[in-house]
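Since the structure comes first, as structure tokens, the remarks are kept for the end.
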Amino acid sequence: MTPESHSLTDRGPAADGPVPPPGCPVHPLGPGGVRRLYGPEAENLEALYEKLRAEHGAVAPVLIHDDVPMWVVLGHTENLHMVRSPSQFTRDSRTWEQLRSGRVRPDHPLTPHFAWQPICSYAEGDEHLRLRGAVTGAMSTIDYRGLRRYINRATQSLVNRFCEEGRADLVGQFADHLPMAVMCEVLGMADEYNDRIVQAARDMLKGTETAIASNQYIVDALTRLTARRRTQPEDDFTTHLVNHPARLTDDEVREHLRLILIAAYEATANLIANVLRVILTDPRFRAQLNGGQMTVPEAVEQSLWDEPPFSGILGYFAKQDTELGGQRIRKGDGLLFGIAPGNLDPRVRPDLSASMQGNRSHLAFGGGPHECPGQDIGRAIADTGIDALLMRLPDIRLDCAEEELRWTASIASRHLVELPVRFEPRPPQDVTQRPALRPLPAQRPGWLISTDGPKTTEPAAGWPLPPESAERPTPAEPAAPPQPAAPPQPAAEPRRRPGPWRRVLRWWRGD
């Protein structure tokens, strides 16, 4: 029997006690005694999610900004069911009852996270197949061997900026820059990469007063790129997206480029920072890495379990009345895809200290029809970039107490503010030189040893000839003309071994 549960679209009276004013962030509980995912208590979302798990189980009612009700999915199995059931749940926020009723105002702080756009992330059915097919088709043209070579060069170029100083901030000077440099190269807009576009991407994700202007800066760059590839095609992701048989419009191309650029940038920057932080603060983790018990790709996968780049995605919406995690979900209810709490589900990970090497069943890249199509790019950037950095600066160490590290957290992600490090200063490297095949060195003149005795050889090309005044060996007397060789004698046939009867006779005779 389905237990009676909280309903987000038909709430009953508030719990006992004084009712806090609507939207008051000081109180951890909102109307109906529901916990808020914003305000003071939400500063530690990991602890808050565990409280909700203990109180409600795998699916819990919560309030987002302006006390808008939603469900947060905390269970690993329940999250996978939600993202893999397009017949029950959709990403099209136009079906969200709170939005349709006007409960969510147009300037809601989280509008950029759920506002509908004509891109594959929000589409369904045939439209989703058309748009997603274009994106995956363009992704399939990426040369990952060449990409990893570029990632290595970009890493060396970034390290050159601070290697002589002996200290750096690996967030602001490395993790925030490497993904943007690589993605600009992949999209075909390497000339647009600079500090300004990195600052714009970071600023628009923070939701500051200048976020709209920063977003417009990136949109303008992608608009120029789309128009240029219409007339000047090249072998890059944007050209393949433009020329795909799905025939995307300029607006569709631009919006998908924006989605891929920003999502890959934010996710990979967080991933790199998280992995480097663990390497610098956990001696056992670093010892396994240095000792060969763990590779960098395995370290990246472990981080995707423990600290996924996106902690939650807002959101999914119920297309019909259903049940999830023992809760009654009404048609039009909104749900938060809980990536971080799902990865910590005690039913899947009873021991959080256990190694998850070789296990890729985490939720970091989603699942179902909307699974992240660029996860291989993110892994390549993190794997290659971190490995190249540690090879270049093997003595790197944290330059502050671990307790002094700070994060900025939201419902969507948790971003490390800075990661100060110290190391021995090193000279910059030449990142423009490309590997090339060198010609084989000329053979050295000298003696050849053979069965006929030592023989002199002519000097090889490129070696200096001996001077004329040098003492030369006296030439030997001319040898007599060779005599004609005797005709070869036929080889004697091998003697047959006598048979057993003949051997017996010989023995009997005493032969």
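The values are calculated or read from the model by the stated rules, or taken from the named source; none is laboratory data. Here the structure is a predicted model, which is why all the values come from computation and not from measurement. Cβ placement follows ideal geometry from the backbone for every residue including glycine, while neighbour counts extend to all protein chains displayed. Side chains are part of the model used for accessible areas, which takes the heavy atoms of the whole protein and leaves out ligands, DNA and RNA. Shrake-Rupley method; radii C 1.70, N 1.55, O 1.52, S 1.80 Å.
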Taking only segment 150-167 into account, find how many residues are open to solvent by 10 Å² or more (accessible area, probe 1.4 Å) and among the aliphatic types (A, V, I, L, M). 1
I need the full set of residues from segment 109-144 which are aromatic (Phe, Trp, Tyr) and either under 22 Å from residue 319 (Cα atoms) or at pLDDT below 90 (or both), in order please. 114, 116, 122
Only one of 219, 300, 296 is open to solvent by less than 50 Å² (accessible area, probe 1.4 Å) and in contact with a Ser or Thr (Cβ under 9 Å, 6 or more places away or on another chain). Can you tell me which? 296
Across (1) in contact with a Phe, Trp or Tyr (Cβ under 6 Å, 6 or more places away or on another chain); (2) closer than 16 Å to residue 236 by Cβ, residue 173 clears everything bar (2)
Return yes or no: is residue 288 open to solvent by 30 Å² or more (accessible area, probe 1.4 Å), under 13 Å from residue 82 (Cα atoms) and not in a strand (DSSP E or B)? no
Being in contact with a His (Cβ under 9 Å, 6 or more places away or on another chain) and among the charged types (D, E, K, R): is that true of residue 195 here? yes
Got at least one residue in segment 47-65 being more than 24 Å from residue 344 (Cα to Cα) and either without any contact (Cβ under 8 Å) to a residue 60 or more places away in the chain or out of contact with any Pro (no Cβ under 6 Å at 6 or more places or on another chain) (or both)? yes
Hand me the list of strands (runs of 3 or more DSSP E) wholly inside segment 306-413 holding 1 or more residues that are open to solvent by 50 Å² or more (accessible area, probe 1.4 Å). 312-318, 322-324, 327-329, 407-409
So in segment 85-95, with the set limited to residues that are hydroxyl-bearing (Ser, Thr, Tyr) and outside any loop (DSSP other than H, G, I, E, B), which one is most open to solvent (accessible area, probe 1.4 Å)? 95
